[in-house]
Amino acid sequence: MEHICKRCFLLESGREDTHKIIKEHIDRLSEKEKCTGEEYRRRLDVCGECDFLSGGVCLKCGCYPEFRAAFIKQKCPYKKW
Ligand code: SF4
């Protein structure tokens, strides 16, 4: 069941379908586009402590941090990573 959860990512918020779609998109990124797994986890650790994360969405910009963070050239809109 879907619910809004502060500081939660998609799976914790019951949004399995969206999580699956995002994972499929990330899997299709080239190595040039994608940041390392270590950097990805570091970024999401920051998001997981951020008050703007709600129900898997960044309330600062409306993105899915789990998707945005996968791109090497992307940045947190709040300059946290
Ligand atoms: S992308 Fe930045 S502002 Fe958005 S949830 Fe993550 S740390 Fe917070």
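Brief remarks follow.
- Qualifying residue in segment 49-70 (condition: part of a helix (DSSP H, G or I), touching a helix residue (DSSP H, G or I) at 6+ places or on another chain (Cβ under 8 Å) and within 8 Å of the ligand (Cβ to nearest atom)): yes
- Selected residue [surrounded by 14 or more Cβ atoms within 10 Å (Cβ to Cβ), in contact (Cβ under 8 Å) with a residue 12 or more places away in the chain and in contact with a strand residue (DSSP E or B) (Cβ under 9 Å, 6 or more places away or on another chain)] from 52, 67: 52
- Residue match in segment 29-38 (condition: assigned to a loop (DSSP other than H, G, I, E, B), under 13 Å from the mean Cα position of the chain (by Cα) and on the phi < 0 side of the Ramachandran plot): yes
- Restricted to segment 71-81, and to residues there that are near the ligand (Cβ under 9 Å from one of its atoms) and of a type in the set (A, V, I, L, M, F, W, C), the residue that is farthest from residue 18 (Cα to Cα) is 81.
- Test: residue 43 is within 11 Å of the ligand (Cβ to nearest atom), on the phi < 0 side of the Ramachandran plot, surrounded by 11 or more Cβ atoms within 10 Å (Cβ to Cβ) and not hydrophobic (A, V, I, L, M, F, W, C): yes
Read-outs throughout are calculated quantities, based only on the coordinates presented, and are distinct from any laboratory measurement. As the structure is a prediction and not an experimental result, all values here were calculated from the model. Here Cβ is always computed from backbone atoms with ideal geometry, including for glycine, and neighbour counts include all displayed protein chains.
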